[in-house]
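To start, the structure under review is shown below, and the notes come after it.
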Amino acid sequence: MRRTLRAIVAVGLAAAGSIVTVALGGTASADTQICEQYGSTVIQNRYVVQNNRWGTTAQQCIDVTSNGFEITTQNGSRPTNGAPTAYPSVFLGCHYTNCSPGTNLPIQVSQISSATSSINYRYVSDGTYNASYDIWLDPSPKRDGVNQMEIMIWFNRQGPIQPIGSPVGNATIDGRTWQVWRGSNGANNVISYLAPSAISSANLNLLAFINDTRNRGAITNSWYLTSIQAGFEPWQGGVGLAVTNFSAAVNGGGNPTTPPPSSPPPTTPPPSGNGPCTVKYTANSWNGGFTADVQITNTGSSTINGWTLAYTLPSGQRITNSWNATVSQSGQTVTARNVGHNGTISPGGTASLGYQGTLSGSYSNPTAFTLNGATCSRS
C-alpha cells in the first residue's frame with residue numbers, strides 16, 4: 001500500500017545543497033554510499049539514484065553502482081497497514097526539481113513514439129517490501145511537486161502488503177497478465193499493475209502501460225510524462241535488495257496535442273443528443289477526503305455533441321480539483337461540463353471525468369444524475 005508521502009519532500013529537496021553528499025550532477029563511482037535522507041547522485045551521466053527516505057527517522061543507506069544501487073542499511077520499520085519507510089530508486093526525468101542530465105521529460109503523451117526500459121532486481125528473503133516501477137504523469141509539464149497520476153508496476157511483494165485501492169480487473173501487457181488496482185493516496189491517483197508472482201528482470205514497453213491507463217479514463221494524450229523510476233518500498237528490513245541494472249529511453253515523434261482550454265468553448269448550436277445515458281460513479285474515500293471517477297455512457301442512438309452533467313453531492317463533500325471536465329459546485333449542486341477533447345460521445349461511447357475533494361463525516365455516493373437535462377440511469 002502506498003501513500004505518496006515519499007513524494008512530499010519539497011522542503012527537504014529545496015535544501016538539497018545541505019542534504020546531498022554527492023553533488024547533484026556529479027557521476028557516482030562504484031559503490032558510492034548515500035545515507036542522507038534525500039541524498040542523490042548521477043550514474044552514467046543519464047540517471048539519478050536517490051536514497052529518498054521519507055517515512056522514518058531511522059537510518060537508511062544505499063551503495064550506488066554504475067548500473068543501479070543496493071540497500072546496505074535499513075533500520076526503519078512501519079506497520080504494514082500504512083505507508084512504507086522510503087522509496088530508494090533510480091530514475092529518468094524530473095523528481096521535485098531534481099532532473100536527470102539531458103532528459104527530454106516532461107514530454108506530452110501524444111508526442112511519445114516509444115518508451116522502453118530494462119530492469120533487473122535482486123530480492124532477499126527477509127523483510128516486508130515491494131519492488132515497484134513508477135511512471136508519473138500530470139496535466140502540466142511539471143518538474144516539482146506531486147503529480148496527479150502515478151502508475152505503479154509491482155514486480156514483487158513480500159509480506160502482508162497490497163497496492164492502494166481495490167482490484168478493478170486484469171490487463172495483458174508485455175505478454176504478462178497483471179491484476180489492476182485503482183485508488184488514491186490522498187495526494188494523487190494511483191493505478192497499480194500487480195504481477196501474480198515475482199519478476200526479477202524485464203524489458204518493458206512503458207507506453208503500453210500509459211495507454212492502458214489512458215484507456216481507463218485516468219489521463220488523456222494531452223497529459224505529460226514527467227519521470228520513470230525503479231526501486232523498492234521497504235516496510236521492515238530490506239538490506240540486500242538491489243536494482244542491478246536499469247536503463248530507460250523515451251522517444252518523441254508523435255503528434256503534439258494542444259492542451260484543452262481551462263474553460264469549454266461556447267457550444268453553437270446548443271448541446272444536442274439529450275440522452276438516454278448511464279453514469280458509473282466510482283469513489284475512494286478516507287478520513288477527510290475522497291476521489292471520484294465518473295464515466296458517462298451514451299446509450300442512445302444519436303451522438304451527443306457537448307454535454308453538461310448535473311447532480312447533488314451528499315452533505316459534507318467539497319470538490320477541490322478536477323480533471324477532464326470543468327467542474328463547479330454551488331452548495332451541494334455540482335455541474336460538470338465537457339472540455340475540448342471529450343465533448344462528443346457517439347452512441348455506445350463514453351466520456352470520463354474525475355475529481356478530488358474534502359470530506360466531513362461519513363461518505364456516500366450521489367444518487368441521481370442528469371445529462372443535458374435528461375435523467376441518466378446508474379450502472
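Just a few scattered comments:
- Residue that is nearest to T320 (Cα to Cα), among those in the stretch 193-216 that are part of a strand (DSSP E or B) and free of Cβ contacts under 8 Å to residues at least 60 places away in the same chain: Y193
- Residue count for the stretch 152-168 under the criterion of being surrounded by fewer than 20 Cβ atoms within 10 Å (Cβ to Cβ) and assigned to a strand (DSSP E or B): the result is 5.
- Only one of Q33, Q59, Q74 that is at pLDDT 95 or above and touching a Pro at 6+ places or on another chain (Cβ under 7 Å): Q74
- Selection from the stretch 221-240 of residues that are within 11 Å of S89 (Cα to Cα) and out of contact with any His (no Cβ under 9 Å at 6 or more places or on another chain): I228, A230, G231, F232, E233
- Taking first residues from the stretch 62-85 that are under 20 Å from I119 (Cβ atoms) and of a type in the set (D, E) and partners that are surrounded by fewer than 17 Cβ atoms within 10 Å (Cβ to Cβ) and at pLDDT below 95, the Cβ contacts under 9 Å between residues at least 6 apart in sequence or on separate chains come to D63/A30; D63/D31; E70/D31.
- Lone unmet requirement of (1) at pLDDT 95 or above; (2) surrounded by fewer than 24 Cβ atoms within 10 Å (Cβ to Cβ); (3) not charged (D, E, K, R) for F91: (2)
- Residue check for S285: modelled with pLDDT under 90 and either over 23 Å from the mean Cα position of the chain (by Cα) or surrounded by 14 or more Cβ atoms within 10 Å (Cβ to Cβ) (or both): yes
- Some residue of the stretch 169-177 being assigned by TED's automatic domain parsing to the domain that holds A198, assigned to a strand (DSSP E or B), under 19 Å from the mean Cα position of the chain (by Cα) and at positive phi: yes
The values are calculated or read from the model by the stated rules, or taken from the named source; none is laboratory data. These numbers were taken from a predicted model, which means no experiment stands behind them. All Cβ positions, glycine included, derive from the backbone under ideal geometry; neighbour counts span all protein chains shown.
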